[in-house]
Each structure stands twice: as structure tokens, then as C-alpha cells.
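Visitor: Next up is a structure, given as C-alpha cells.
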Amino acid sequence: MSQLTCKNCGNEFEGKFCNNCGQKASADRLTYKSLVETLMHGFLHVDKGFFYTIKMLFINPGELVLNYINCKRVKYFQPFPLLIILSAIYGLLHHWLAPEVVETVKAGAKHSDGIFRIALGDGTPFQLNKTFINMLEYIINHLSENYAFINIFIIPPFILATKIAFRKAGAYNYNFVEYLFGGAYLSSLYIVISILFMPFELLLKGSSYLSGWENITWIVYFLVTLYFFYHLFEGGIRKTIKRTVYTYLLYFPFLLIYVIMGVLIAILIAFAGQGLGHLTGLC
């Protein structure tokens, strides 16, 4: 059997696993197959590298992502299980410490019932208004309790904005799935910061200082993203700052379009479902 070189530690070995660090010999570039495997494998190994990965997210998130992309993965907790676990922790804390926020979102969904009834009218074909309102209510209620889905959902438009803003700094060296993994790690870091900041938000709740604290929070998120991009792409600090700002300027309209497209697809599905039910009734 020929000698293999471990991509994680550089050790030469034979077999399916490195005898020095334990990484698989088959470690290769991240693809859609890797996405499925990491989701299945990660849930079965919850404790492996969890706290070490969180520590590395604070010390150098860009290096962590580069290591993971370049097949140095054995020490790290996998990104999507990490994101889901942290989102669950944040969601539980949010419900426990600030339940009134979630109830406000749900109340807004119920309030929208009347608005959409007026906008669509009672005579809408196939009673699309009722179906759409019920579906919208369900979606908003579900999202208000599912932070992991929200964090995964908003990654794609951020990837698009990043690839455009950093196109001259090596953005196209990575494929879409590699960006998904990197985005999951970055989102995980945002959630850890949000958890750490939660006590301050509770202390300042209802005071005039809360808006100032929220501005500080956004600045921290921006600096974290800047630090992440600085290690992930080429270019000096000035160019990275400009490109990071450009990323955010692109991201918000992209996110708006992305959400609108999702709502339109939901409307089409509701309309098609009602239309099919109507035709079935005629038969």
C-alpha cells in the first residue's frame, strides 16, 4: 500500500486514518456530499471539539475556516451542528429571559390577519386570502421559535454579497458549499456574542441607554466580520474595510429580495394548492 500524506498534520501513513492525528485519508474539498455527511455525522458527535471550536472562533475565525476548507478538520466541531446547538441555546435563553419579545412577534402575525384580509378581499379566487394568512401566521410563529433556521436561511444572500465585494481578493477561490460552511461558523460566532451580550440587554431594557448599546452591538458584529474577512481574503486592512462595508451595502437589498422571493413562492404554492383543491372539487 502506498504512503499517504495527512492534509491535517503532514504525517505520512498507510490506511484509512492518519496514525498521528486520526483524520480520514479521504478528506477532500468541501462539496454537496460533504454537506450531507457533516449534518449526519455532527449530530452523533456533539461533544467533540465543541469548546475548542468556540475558542478558535474568538481567537481567529478566518484561520479556523481556512483550516476546515483545507482539510485540517479533525480538531474542530462541525459548523452546522454547532450553529444549530448554539441557536437552540440562544432560543431557550431568549424564551426564558425575554419571552415578551417572542409574544410581540406572534401578536404581529395575528394582527397582520386583518391587514391581509383587507388587501386581498373576501372575494379572492379560491379563498387565497385565508390560506395565505394562515400560512403566513404559521411561518412567522415558527420562525420566532426557530433561530437555527433563520441563521441558516440568511447565509446565501450574504455569500452572494461577499463574492461580489471580494471578487478581486480571491473570493472565487471558494465554491458555494465552502462558503456555506464558513457562513455557518461566522453565524455561530454572532450567536455566541449575542448570548454574552444578553445580560447587558436585559439590564438596559426599558432605559434610554438600550439604543446606544444596540449600536455598540452592531459595531462589534462589523468588527468581527472585518477580522474574519481579513484572514480569509487577500489585501490589506484598508481594502478589507472598504470591501466589508461594500458587502453589507449589498447584503441588505439582497436579503430583502431573497425574502420577497420566498414570500412570492409561498403565495404561488398556496394558490396552486387552492386551485388544485378547487378542480378536484369540480370533479
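Visitor: Of Ile260, Ile241, Ile216, Ile237, which residue is within 24 Å of Tyr90 (Cβ to Cβ) and without any contact (Cβ under 8 Å) to a residue 24 or more places away in the chain? Let's see the steps before the verdict.
Guide: Values: Ile260 fails: within 24 Å of Tyr90 (Cβ to Cβ); Ile241 fails: within 24 Å of Tyr90 (Cβ to Cβ); Ile237 fails: within 24 Å of Tyr90 (Cβ to Cβ).
Going through Ile260, Ile241, Ile216, Ile237 in turn, the sole match is Ile216.
Visitor: Which condition from (1) surrounded by 14 or more Cβ atoms within 10 Å (Cβ to Cβ); (2) under 14 Å from the mean Cα position of the chain (by Cα) is the one that Phe200 breaks?
Guide: Unmet for Phe200, out of (1) surrounded by 14 or more Cβ atoms within 10 Å (Cβ to Cβ); (2) under 14 Å from the mean Cα position of the chain (by Cα): (2).
Visitor: Any chance you could count how many residues in the stretch 199-231 are of a type in the set (S, T, N, Q) and under 19 Å from Gly182 (Cα atoms)? Steps first, please.
Guide: Step one: of the stretch 199-231, the residues of a type in the set (S, T, N, Q) are 207-208, 211, 215, 217, 225.
With the extra rule that they be under 19 Å from Gly182 (Cα atoms), the set shrinks to 225.
Total meeting the criteria: 1.
Visitor: For the structure I just gave you, tell me whether Leu249 is assigned by TED's automatic domain parsing to the domain that holds Ile69, assigned to a helix (DSSP H, G or I) and modelled with pLDDT of 95 or more. Break it down into steps so the answer makes sense when it comes.
Guide: Values: assigned by TED's automatic domain parsing to the domain that holds Ile69: yes; assigned to a helix (DSSP H, G or I): yes; modelled with pLDDT of 95 or more: yes.
Considered against the rule, which asks whether it is assigned by TED's automatic domain parsing to the domain that holds Ile69, assigned to a helix (DSSP H, G or I) and modelled with pLDDT of 95 or more, Leu249 comes out as yes.
Visitor: Say we look at the stretch 54-73 and pick out the residues that are under 17 Å from the mean Cα position of the chain (by Cα) and of a type in the set (Val, Ile, Thr); which of these is surrounded by the fewest Cβ atoms within 10 Å (Cβ to Cβ)?
Guide: Only one residue fits best here, namely Ile54.
Visitor: Okay, moving on. Looking only at the stretch 160-167, decide whether some residue is assigned to a helix (DSSP H, G or I), of a type in the set (Ser, Thr, Tyr) and surrounded by fewer than 16 Cβ atoms within 10 Å (Cβ to Cβ).
Guide: At the first step, the residues of the stretch 160-167 found to be assigned to a helix (DSSP H, G or I) are 160-165.
Keeping just the survivors that are of a type in the set (Ser, Thr, Tyr) gives 162.
Retained after the next criterion (residues that are surrounded by fewer than 16 Cβ atoms within 10 Å (Cβ to Cβ)): none.
No, the stretch 160-167 contains no residue that is assigned to a helix (DSSP H, G or I), of a type in the set (Ser, Thr, Tyr) and surrounded by fewer than 16 Cβ atoms within 10 Å (Cβ to Cβ).
Visitor: Here is a check on your reading of the model: is Leu210 surrounded by 13 or more Cβ atoms within 10 Å (Cβ to Cβ), in the same structural domain as Pro157 (by TED's automatic domain parsing), at pLDDT 90 or above and out of contact with any strand residue (DSSP E or B) (no Cβ under 7 Å at 6 or more places or on another chain)?
Guide: No.
Per-residue answers, yes or no, for (1) among the basic types (Lys, Arg); (2) in the same structural domain as His94 (by TED's automatic domain parsing); (3) more than 19 Å from the chain's Cα centre (by Cα); (4) modelled with pLDDT of 70 or more:
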| position | (1), (2), (3), (4) |
| --- | --- |
| Phe126 | no, yes, yes, no |
| Asn134 | no, yes, yes, no |
| Tyr138 | no, yes, yes, no |
| His142 | no, yes, no, no |
| Asn151 | no, yes, no, yes |
| Pro157 | no, yes, no, yes |
| Gly170 | no, yes, yes, yes |
| Asn173 | no, yes, yes, yes |
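Visitor: Within the stretch 170-181, identify whether any single residue is hydroxyl-bearing (Ser, Thr, Tyr), out of contact with any His (no Cβ under 6 Å at 6 or more places or on another chain) and under 20 Å from Leu83 (Cβ atoms), and answer yes or no. Break it down stepwise before answering.
Guide: First, pick out the residues of the stretch 170-181 that are hydroxyl-bearing (Ser, Thr, Tyr): 172, 174, 179.
So of that shortlist, the ones also out of contact with any His (no Cβ under 6 Å at 6 or more places or on another chain) come out as 172, 174, 179.
Now drop any that are not under 20 Å from Leu83 (Cβ atoms), which leaves 174, 179.
Yes, that holds for at least one residue.
Visitor: Oh, and also: Go through the stretch 15-62 and give me each residue that's among the basic types (Lys, Arg) and modelled with pLDDT of 85 or more.
Guide: At the first step, the residues of the stretch 15-62 found to be among the basic types (Lys, Arg) are 16, 24, 29, 33, 48, 55.
Listed by number, the list holds a single entry, Lys55.
The values are calculated or read from the model by the stated rules, or taken from the named source; none is laboratory data. Given the structure is predicted, the values throughout are model-derived calculations rather than measurements. Reconstructed Cβ throughout: ideal geometry from the backbone, glycine too, with neighbour counts over all protein chains shown.
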